[in-house]
Amino acid sequence: MGPDGQQIGIVSIQDAIQRAQDLDLDLVEVAPQANPPVCRIMDYGKFKYERDVRQKEARKKQSRVEVKEMKMRPKIDPHDYATKKGHIERFLKQGARVKVTIMFRGREMAHTELGRKLLDRLTADLQELATVDANPKLDGRNMVMVLAPLKRPPAKGARNGSEAEEAGGDHPAAVLPQPAGDQAGRE
């Protein structure tokens, strides 16, 4: 094939190489398994560059699902549970899937139902944000569950507005100042 895509026909290898050199281009074998092999006269460097650009554009258009992981123990403190639940909520709002792992040590393996109860409680607490993508299952000394967000995150422009609302404080504790007496009692 010629540089503009037209069929040249069956020619000898030496003739094809000479034609490519006359045009200051490369002779590239396109279909080596064909009989006779199909070659094309082209600028191979330009071809590779354009192929890389197309692949880069295709990768940009792909949406990669991010999986975040949160690890807990079955005897987790209520405040630690609330903190980790808050992190999981943030991950889900960002559109990421969350892998929740309950780690068992020693004799805790005899009471895996405590880990199951913890994951069930987490599922109930997050039911408006997430669905269970992979049900809890015991994997060695760990119990693993995967949560997926219910809906995709809003567009970037709209997300900035919702962050401002969150920072504005639907939480009354964030708005109210701490009494001065509490600080003096701690010192």
* Please specify each residue of segment 113-135 satisfying the condition of being assigned to a helix (DSSP H, G or I) and touching a Lys or Arg at 6+ places or on another chain (Cβ under 8 Å). => LEU114, LEU122, ASP125
* To do: Filter segment 136-154 down to the residues that are outside any strand (DSSP E or B) and at pLDDT 85 or above, then identify the one that is farthest from ILE88 (Cα to Cα).
  => GLY140
* Could you tell me whether segment 155-165 includes any residue that is at pLDDT below 85, assigned to a loop (DSSP other than H, G, I, E, B) and over 17 Å from VAL67 (Cα atoms)? => yes
* Out of all the residues in segment 45-54, is one or more within 24 Å of GLY140 (Cα to Cα), touching a residue at least 12 places away in the same chain (Cβ under 8 Å) and surrounded by 11 or more Cβ atoms within 10 Å (Cβ to Cβ)? -> no
* Within segment 30-48, work out how many residues are modelled with pLDDT under 80 and farther than 16 Å from GLY9 by Cβ. => 2
* In segment 3-43, residue surrounded by the most Cβ atoms within 10 Å (Cβ to Cβ) [restricted to those that are β-branched (Val, Ile, Thr) and not in a strand (DSSP E or B)] -> ILE17
* **Qualifying positions in segment 77-112 - among the charged types (D, E, K, R) and in a strand (DSSP E or B)** => ARG97, LYS99
* Might you check whether a residue that is within 20 Å of GLY140 (Cα to Cα), assigned by TED's automatic domain parsing to the domain that holds MET145, buried (at least 16 other Cβ atoms within 10 Å of the Cβ) and in contact with a Lys or Arg (Cβ under 8 Å, 6 or more places away or on another chain) occurs anywhere in segment 82-98? => yes
* Structure fact -> How many residues of segment 60-72 are farther than 12 Å from PHE91 by Cβ and at pLDDT 80 or above? The answer is 2
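The values are calculated or read from the model by the stated rules, or taken from the named source; none is laboratory data. Not measured: the values here are computed from a predicted model. Positions of Cβ are generated from backbone atoms using ideal geometry, with glycine treated the same way; all protein chains shown enter the neighbour counts.
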